[in-house]
Structures are given as structure tokens and as C-alpha cells.
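The values are calculated or read from the model by the stated rules, or taken from the named source; none is laboratory data. It should be emphasised that the depicted structure is a prediction, and the values quoted were computed from it without experimental measurement. Every residue, glycine as well, gets a Cβ built from its backbone with ideal geometry; the counts of neighbours run over all protein chains shown. Heads up: the accessible areas ignore ligands, DNA and RNA and are worked out on the full protein's heavy atoms, side chains in. Shrake-Rupley method; radii C 1.70, N 1.55, O 1.52, S 1.80 Å.
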Amino acid sequence: MLSLEWCGCEHDSAKVLNNQQKSKVLWLTVGLLAVFFVAEWSVGLWSQSLSLQADAGHILSDITALVISLLASFLAQQPAKKKATFGNQRIEVLAALLNGLGLLAIATFIILEAIQRWQHPAAILGLPMLGIAVLGLIVNLLNITLLHPHTHDDLNLRGALLHVIADTASSVGVIIAAIAVHLWDWWWADVAISLVVAIFTGLSALPLVQESLKIFLEYAPESIDPLEVEISLKSFPGVVQVEKLHIWTLSLNKVMLCANLTVECTTIQERDRLLNKLENHIRQTFNIAEITLQLTSYKKTSLIPIHPLFKQDLVFILSHNKAN
């Protein structure tokens with residue numbers, strides 16, 4: 001008993017430490033982006049570069065999204081209480097959805113601005129544009145290095161990483177446009193790169209929005225086929241029928257399952273052993289941690305009682321009547 005309690009405390013401590021590391025990484029990323037936003041926005045206005053201004057707006061959205069992520073991570077760690085029986089874990093998913101929608105909004109804004117700039121060109125200073133774009137690339141690569149190790153089991157941080165990757169692609173595009181503007185005075189390169197960045201930004205947001213919506217709509221995760229789970233449960237000796245099988249995702253790393261099973265068990269002990277086997281099988285095979293199974297004993301339908309006359313031998317009855 002003591003060893004079990006010690007293992008649980010160690011697991012909780014590791015989880016708390018991991019959450020603290022994620023928060024520190026997010027705060028550091030926010031600080032770097034905030035400093036760079038001021039620099040890029042100022043140079044963008046000075047150089048008349050649309051791609052710099054669009055990228056600065058994108059970074060402002062990133063800063064907002066990361067602050068939301070920090071708030072969501074803090075609320076998600078709070079224990080379940082009162083009416084929040086599941087806790088606040090889906091706040092992280094909500095933050096990821098807002099991040100994705102924010103990226104789509106930014107992409108739309110950049111496209112509209114690019115169309116307007118194409119109709120009304122402006123003189124662009126290529127050299128300042130190139131310098132701030134190179135600085136942006138360095139900052140974004142550093143942020144990717146900080147965020148990537150923590151995104152495997154956190155949809156919220158994955159959304160933040162997508163923002164930074166989009167920023168990195170934008171920085172590369174601005175560098176290309178700045179070189180073209182500075183060397184050949186191709187003002188249209190600034191507009192073209194802005195459109196490419198906008199399309200890339202929108203496409204990178206779609207999977208994040210789609211995955212977040214699937215969690216909110218309580219779809220089964222892509223890695224689990226409910227029909228396969230049902231067949232697997234029915235393969236156990238003693239399981240007669242599987243009903244009301246529900247599989248859904250509470251958060252990115254927490255999948256839940258509940259089902260009603262009709263079983264053939266003569267004793268309570270036999271039913272408990274079967275329940276234990278089923279739960280272990282589901283955990284090991286499908287990696288589902290939260291399992292609720294209701295087992296109902298199977299009862300054979302009894303035969304309808306018939307009149308005692310039909311229980312007698314018909315030949316005996318006829319011979320008896322003939323003798324009388």
C-alpha cells in the first residue's frame with residue numbers, strides 16, 4: 001500500500017514539474033515575440049512594407065494566443081470541483097480552437113491588404129525590410145526550438161507552435177521579397193509574398209480547427225475504431241452483447257469509454273474477474289485510460305407453461321378412453 005502511494009506522489013510531482021516547464025517556455029516565447037513585434041511594426045511602417053506589417057500583425061495575434069494558452073494551462077490544472085466534474089481540461093482545447101480561428105482571420109486580412117496594395121503600389125525600403133526579416137527568422141527558430149519538445153501531448157502548445165511556424169515561413173518570404181525589392185525594385189514581390197504567407201497561414205490553421213472541433217463534438221479519436229472495440233469486447237468468453245458503446249476525447253491525451261455489456265456469469269466473483277480482464281484489455285490494446293463498463297447478467301427466456309393435458313402421452317389417453 002505504501003509503495004502505491006509513493007508512486008502516485010512521484011507521478012503527480014513529475015506532472016506538476018512538466019506543467020511548470022511548459023509555462024516557463026510559453027512566457028519566454030511571449031517575451032521574445034513582444035520585443036520583436038515592436039521592432040517589426042516600427043520598421044514596417046517606416047519601410048512601407050506590407051509583408052512586414054502583415055507579419056507584425058500575425059505576431060501580435062501570436063502574443064495574444066500565447067497569453068490565452070498560459071491562462072488555459074493554468075485553469076486546466078485546477079482540480080475538478082462543484083459543477084466542473086471533469087475539471088477545466090477542455091479550456092486548453094478551446095484555446096487551441098481560438099488560435100486556429102485567429103490564424104484564419106489573419107490570413108483573410110493579409111489577402112485583403114495585398115489586393116489593396118496591388119491596386120495602389122507604394123515605394124518600399126528594401127534594406128531595412130531585409131534586416132528586420134532576418135532578425136525575425138532568428139527569433140522564430142529559437143521559439144520553435146523552445147516549444148517543439150512540449151507539443152507531443154498538448155494540443156494547446158501545438159497551436160502555439162503552428163503560429164510560430166507560420167511566422168517562420170513569413171520571415172523567409174519577407175527576406176525573399178526584401179532582396180527582390182532592394183536589388184531589382186520589384187515592389188510586387190512584397191505583395192506576392194504576402195499572399196503566399198496568407199495562404200500558408202490559413203492552411204496551417206485548418207487541421208488545428210478540425211481537431212479541436214472533433215473533440216468538442218465528442219468524436220472518437222482517429223486512432224480508435226469503435227467497431228473494432230466492439231468486436232474485441234465480444235470476442236471475450238461470457239460477453240453476449242455490447243450496447244451503448246461511447247468513445248470520446250475529453251482532451252488531447254485523455255480518451256474515455258463507456259458501454260453496457262450483457263454477460264453470462266453465474267457468480268459475482270466471476271463477473272468481477274471478467275470486468276477486470278475487459279478493462280485491462282481496453283487499456284493495453286486501445287490506450288484508453290478512463291473506462292466505465294456496466295455488466296448485466298444474461299437471463300434466458302423461460303418457456304411459456306402449457307396445460308398439463310399436453311404433458312401426457314397421447315396414445316395412453318386414447319387407449320384409456322377406448323377401454324372405458
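Determine the pairs where a residue that is farther than 23 Å from Ala160 by Cα and open to solvent by 30 Å² or more (accessible area, probe 1.4 Å), located within the stretch 203-227, has a partner that is assigned to a loop (DSSP other than H, G, I, E, B) and not charged (D, E, K, R) with Cβ atoms under 7 Å apart, the partner being 6 or more residues away or on another chain. Going by the 7 Å Cβ cut-off, the qualifying pairs are Pro226/Ala220. When Lys244, Lys277, Lys299, Lys234 are checked against the criterion of being modelled with pLDDT under 90 and of a type in the set (Lys, Arg), Lys299 stands alone in meeting it.
Out of the residues in the stretch 63-91 that are β-branched (Val, Ile, Thr) and open to solvent by 30 Å² or more (accessible area, probe 1.4 Å), state the one that is farthest from Leu208 (Cα to Cα).
Thr85
Please go through the stretch 33-75 and pick out each residue that is under 14 Å from Leu161 (Cβ atoms) and either among the basic types (Lys, Arg) or at pLDDT 85 or above (or both). The one that is under 14 Å from Leu161 (Cβ atoms) and either among the basic types (Lys, Arg) or at pLDDT 85 or above (or both): Leu33.
Among residues of the stretch 228-251 being open to solvent by 30 Å² or more (accessible area, probe 1.4 Å) and hydrophobic (A, V, I, L, M, F, W, C), the one that is nearest to Thr296 (Cα to Cα) is Val240. Number of residues in the stretch 109-133 that are out of contact with any Phe, Trp or Tyr (no Cβ under 8 Å at 6 or more places or on another chain), touching a residue at least 12 places away in the same chain (Cβ under 8 Å) and either on the phi > 0 side of the Ramachandran plot or loosely packed, with under 13 Cβ neighbours inside 10 Å (or both): the value is 1. Contact annotation: residue pairs with Cβ atoms under 8 Å, 6 or more positions apart or on different chains, pairing a residue in the stretch 182-202 that is buried (at least 18 other Cβ atoms within 10 Å of the Cβ) with a partner that is in a loop (DSSP other than H, G, I, E, B), are Trp187/Pro121; Trp187/Ala122; Trp187/Ala123; Trp187/Ile124; Asp190/Ser49; Asp190/Ile124. Restricting the stretch 36-62 to residues that are without any contact (Cβ under 8 Å) to a residue 60 or more places away in the chain and over 18 Å from Val197 (Cα atoms) leaves a set whose member that is least open to solvent (accessible area, probe 1.4 Å) is Ser42.
Against the list (1) out of contact with any helix residue (DSSP H, G or I) (no Cβ under 7 Å at 6 or more places or on another chain); (2) in contact (Cβ under 8 Å) with a residue 24 or more places away in the chain; (3) of a type outside the set (Phe, Trp, Tyr); (4) exposed (fewer than 13 other Cβ atoms within 10 Å of the Cβ), the condition Thr262 fails is (4).
Here's a check for you: in the stretch 165-181, which residue that is small (Gly, Ala, Ser) and open to solvent by less than 30 Å² (accessible area, probe 1.4 Å) is nearest to Thr151 (Cα to Cα)?
Ala166
The C-beta contact set for the stretch 271-286 (first residue within 19 Å of Val255 (Cα to Cα), second residue open to solvent by 80 Å² or more (accessible area, probe 1.4 Å), distance under 9 angstrom, 6+ apart or interchain) comprises Phe286/Ser223; Phe286/Glu228.
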